[in-house]
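Contents: one structure, followed by commentary.
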Amino acid sequence: MFSEFDYYILQVLNSFSFLDHFMLFISLRFDYFLFLILAALFYFRGRNEALFYLSLLLVSWNLALALKPIFAVPRPEDIRFVTCTTGYSMPSGHTLMSFASAVFLHPRAGKLKLPVWIFAVLVSLSRIFIGVHYPSDVLVGAMIGCLLGLLWLYVEKKLVNAGIFRDISGSE
């Protein structure tokens, strides 16, 4: 089903066992990072912005769950599993959420723009390194996540223009 190149990239990235602990930390502690971001938004930017971001996270996760049976791509096999998971693999939900977050947070991040994007890329790569996703799962998750993040910024702009929200994007 997958190209040999896709499987080759998976095998290469999955072979760096010295990165196991770091990649497991990034991948499995992903939710904690999102909650820290959510708490920071609530504390520094306000309740509306935190709720708007939380809604993005919920929609991102549910969209990934809804798309998995549509794509029906099995998880990788015959590789070194650093951790196990079940269900279908495409799109990567972690990647979808991290890229949706990166797009949404980009206009607000100020000097932290680069770390926001590095975080999204690290979360995505960690899913391949630990053996639970193919590179194509991650690419599809990143594309959908970026589109969803852009949609959220568009909706936010419409809500601001309609007077429902004050300008919560951080832009003037």
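The values are calculated or read from the model by the stated rules, or taken from the named source; none is laboratory data. Note that the structure is predicted; figures quoted are calculated from it, not measured. Reconstructed Cβ throughout: ideal geometry from the backbone, glycine too, with neighbour counts over all protein chains shown. In case anyone asks, the SASA skips ligands and DNA or RNA and just uses the protein heavy atoms, side chains included. Shrake-Rupley method; radii C 1.70, N 1.55, O 1.52, S 1.80 Å.
Here are the numbers for this structure:
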{"read-out": "Accessible area of the chain belonging to carbon and sulfur atoms, whole % at 1.4 Å probe", "value": "70 percent"}
{"read-out": "Nearest-10 value in Å² for the accessible area of PHE71, using the 1.4 Å probe", "value": "80 Å²"}
{"read-out": "Where labels lie 7 Å past Cα in the beta-carbon direction, separation of LYS113 and THR86 in nm", "value": "4.4 nm"}
{"read-out": "Calculated P(r) of the stretch 46-150 - Cα pairs past 16 Å, %", "value": "56 percent"}
{"read-out": "Zone residues, the stretch 95-133, relative to GLN11, backbone N less than 19 Å from point 7 Å out along Cα-to-Cβ", "value": "128-133"}
{"read-out": "MET97 - accessible surface, heavy atoms, 1.4 Å probe, Å² rounded to 10", "value": "20 Å²"}
{"read-out": "Residues of the stretch 6-150: accessible area per residue with a 1.4 Å probe, Å²", "value": "50 Å²"}
{"read-out": "At 0.890 mPa s and 25 °C, Stokes D of the stretch 1-105 from Kirkwood alpha-carbon radius, µm² per second", "value": "157 µm²/s"}
